[in-house]
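Report on one structure; see the data block that follows.
The values are calculated or read from the model by the stated rules, or taken from the named source; none is laboratory data. Treat the numbers as computed from the prediction; the structure is a model and nothing was measured. Glycine also receives a Cβ, built like all others from the backbone with ideal geometry; neighbour counts cover every protein chain displayed.
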């Protein structure tokens, strides 16, 4: 195979102007029946992608030629099948190998028009599906749409690994570039594997639960005392009594139990002491940016009650107008139960909201009203739409709805309006309410709702309420959800200089865990401190770019770069970071300073806290391989006489920190103006 591909690539490297035409020929020939089984198209397309990524041949023009060739190749195969019909069966090589056509026919019968799209990505069937589609009489317009759509996805997908490898080779040595691509590919495949395993496990659990409930339903029917349960859980279709209603009843009891258990647990330990709450609280405070704030504000507006409840009212009025009274009452019940239960439970549970935003909502925290309303109403709408489409297509309705609901809930955590357990409680409560209303609705047969009219009412109502609220209140909610800094405090100079232990002794990680000991406390103007350090041989670290990030991920020259995740103090990144090589450029030392939210009472000068540490020679972005703290002393910070005229310093030993195995003696360097 390499005997064919290598000379071609060498020729293209010398004649890049022919790259488009060659790509067209390879892409087209791979898609033509019979010929496609001979041409090494997949390998060649990846190799051409590497040339495009390296800038040897034009990228976008090459991709367009590949798409055009794929469309033409499949088109030729289709019209061959369309013209010859069943006569193909008597021609070589199908006469001697009828199984080839039989597999293609089974595939086309099973997936219909989608077989053209799916078959493009299935190696053994890629060149045969268009022939069979034409032979079986698939309409030309249907085939053409599927052909073009699949070609647009296929060409970039097959060229992407080569494009990434070629682009990386411009900045990294070839062996490192290959290492990076393989690492990213393995991570991607691992994520897909985890998703597939999760889906299969959930599917297996659902089947097992369904079998158990089937036996339980038969036991209830024969019971002398509990047969009334089968009457309460009546379904309009007798075949769905045990499979539908009892399964829904089981999940209603399960979600209700989990909801109550979660409330009791949070009330027992306090929301701020729940591990996941504390981790996400510090994480979201540490990653907030203006751009991400705007995205999260747009998402959280979808869950605002003045946006969601008018949608429920519009659906209720429309259903009454078309004389669907029972459906209208169930829609109204869904909205009333969601809003009412949140109001009642909040006043019963009375959990406080997290601190940290400018104008926190006045109501209690648990459960999240935005999450409960959005999950109940939007998922209810998605279920109504999904019931009108085939079971295979329902996931295309339910998955986007689930993503929107998850995003709304997480936006509440990001903006600091709720603890994560508040959002989790909202998801559980809304699931229970949605199941309860569904159980009631399915007791009687209802005519299908007019899907287009229903979607029109929902979209018009959502557009009006969302647009009006966002236009009128966007500036206000931006102000309300603005992040507050930790309160500042004035401290006497002598008290700090003599003791030095009036601030936290440990720097906290991005997730809220103590990570590294604070070993510098510095009082003074930040610009003066920065000037001093630069004059002492320290340097500002290079800005993060693609090359340094890839080096970090691949663990190549990682000792020359700072970690990917910046350490935090009081949920903020350092205000000053400088680096310096020591021991003959063998070790890279990094000094970081953070705001301590402390000011000296006598002159108002700010106090900065920091760490001095070594960047490990070998560093993994997944775990820390070796301790990298060093003792902070004047010789580690200052190396010239410049500082002697401007700063005064001393080293003190703070009270030892208790470690599970030992007591940690903590020397801290105090620095102030002379």
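Observations
- Test: residue in segment 316-324 that is assigned by TED's automatic domain parsing to the domain that holds residue 442 and either at positive phi or under 28 Å from the mean Cα position of the chain (by Cα) (or both): yes
- Residue identified as under 25 Å from residue 336 (Cα atoms), modelled with pLDDT of 85 or more and in a helix (DSSP H, G or I) among 266, 308: 308
- The one condition in (1) in contact (Cβ under 8 Å) with a residue 60 or more places away in the chain; (2) out of contact with any strand residue (DSSP E or B) (no Cβ under 7 Å at 6 or more places or on another chain); (3) farther than 30 Å from residue 249 by Cα that residue 448 fails to fulfil: (3)
- Residue check, residue 372 surrounded by 13 or more Cβ atoms within 10 Å (Cβ to Cβ), outside any helix (DSSP H, G or I) and touching a helix residue (DSSP H, G or I) at 6+ places or on another chain (Cβ under 8 Å): no
- Within segment 419-468, the set of residues being outside any helix (DSSP H, G or I) and at pLDDT below 85 comprises 442, 443, 444, 445, 446, 447, 448, 449, 450.
- Members of segment 272-295 that are under 17 Å from residue 477 (Cβ atoms) and in a helix (DSSP H, G or I): 284, 290, 291, 292, 293, 294, 295
- For segment 125-143, filtering for residues that are in a loop (DSSP other than H, G, I, E, B), within 38 Å of the chain's Cα centre (by Cα) and modelled with pLDDT of 80 or more leaves 0.
- Check on residue 298, assigned to a helix (DSSP H, G or I), closer than 16 Å to residue 381 by Cα and at pLDDT below 90: no
- Just one of the listed residues (259, 250) is out of contact with any strand residue (DSSP E or B) (no Cβ under 9 Å at 6 or more places or on another chain) and at pLDDT 85 or above, and it is 259.
- Some residue of segment 57-79 being modelled with pLDDT of 65 or more, in contact with a helix residue (DSSP H, G or I) (Cβ under 6 Å, 6 or more places away or on another chain) and not in a helix (DSSP H, G or I): yes
So that you can scan it fast, the table gives a plain yes or no per residue for (1) outside the structural domain of residue 308 (by TED's automatic domain parsing); (2) part of a loop (DSSP other than H, G, I, E, B); (3) surrounded by fewer than 23 Cβ atoms within 10 Å (Cβ to Cβ):
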position: 341; (1), (2), (3): no, no, yes
position: 345; (1), (2), (3): no, no, yes
position: 376; (1), (2), (3): no, no, no
position: 413; (1), (2), (3): no, no, no
position: 417; (1), (2), (3): no, yes, no
